[in-house]
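The values are calculated or read from the model by the stated rules, or taken from the named source; none is laboratory data. None of the values given here were measured: they were computed from a predicted structure. Cβ coordinates were reconstructed from backbone atoms using ideal geometry, including for glycine residues, and neighbour counts include every protein chain displayed.
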């Protein structure tokens, strides 16, 4: 797929997400990490499991993709969904940085598997950002975002307290990405900085990669989905 041009739309009020992704080809690695005494003693929020189904949307003319943005709807707890808008960002020295807007939907539309109607999105950070994005774009009355791709992931996640008060979330992801009638398996470790030093997080990720002979992931779930086209 042709690489989208840089966005000309100003980005404001977004949170900068900083994370490192490591590719995993065997789920045995997950158990080894969870059982590692050095990991266990750093845990401040216990491991929890969840099944995450995420659907990414775009307009019929791929307007968000052209603006280097990704709109996604992900199941949260039993009664809510998380709507997120993410910038493509950049990766330097293995650290992916991108802007992110997110809001919770307590009443997601019933037809979100087939589309997400613009009028169904309630007021919030994502809706405000989309309003600005589409302010000068003529849209039909029945405008809907259409499903672009989806990821179906079994996730285990916890939070760790590293040196100097740095806090990270570590997620163990295993599942598939589907797009255009195709699917590809994916296994990865996401290490995301919650607070503190980016250098401390990078050092921790390097130790994990070295200990378990892991490499940086070549694709995010979204970019893997795009590659299926």
- [ ] From (1) part of a strand (DSSP E or B); (2) at pLDDT 90 or above; (3) out of contact with any helix residue (DSSP H, G or I) (no Cβ under 8 Å at 6 or more places or on another chain); (4) crowded, with 19+ Cβ neighbours inside 10 Å, pick out the condition that doesn't hold for residue 126.
- [x] (1)
TODO: Tell me, yes or no, whether region 142-154 has at least one residue that is modelled with pLDDT under 90, part of a strand (DSSP E or B) and in contact with a strand residue (DSSP E or B) (Cβ under 9 Å, 6 or more places away or on another chain).
DONE: yes
Open item on the list: When you scan region 216-226, do you find a residue that is at positive phi, in contact with a helix residue (DSSP H, G or I) (Cβ under 9 Å, 6 or more places away or on another chain) and not in a strand (DSSP E or B), even just one?
Closed with: no
Task: Residue pairs meeting the criteria (Cβ under 8 Å; at least 6 apart or on separate chains; first free of Cβ contacts under 8 Å to residues at least 40 places away in the same chain, in region 119-133; second part of a helix (DSSP H, G or I)) - done: 121/127; 121/130
TODO: Report yes if some residue within region 169-185 is touching a residue at least 12 places away in the same chain (Cβ under 8 Å), in contact with a strand residue (DSSP E or B) (Cβ under 7 Å, 6 or more places away or on another chain) and in a helix (DSSP H, G or I); otherwise report no.
DONE: no
Task: helices (runs of 4 or more DSSP H) lying entirely in region 1-105 (those with 2 or more residues that are farther than 30 Å from residue 135 by Cβ and modelled with pLDDT of 90 or more) - done: 28-35, 37-40
Task: From the options 207, 202, residue that is in a helix (DSSP H, G or I) and without any contact (Cβ under 8 Å) to a residue 24 or more places away in the chain - done: 207
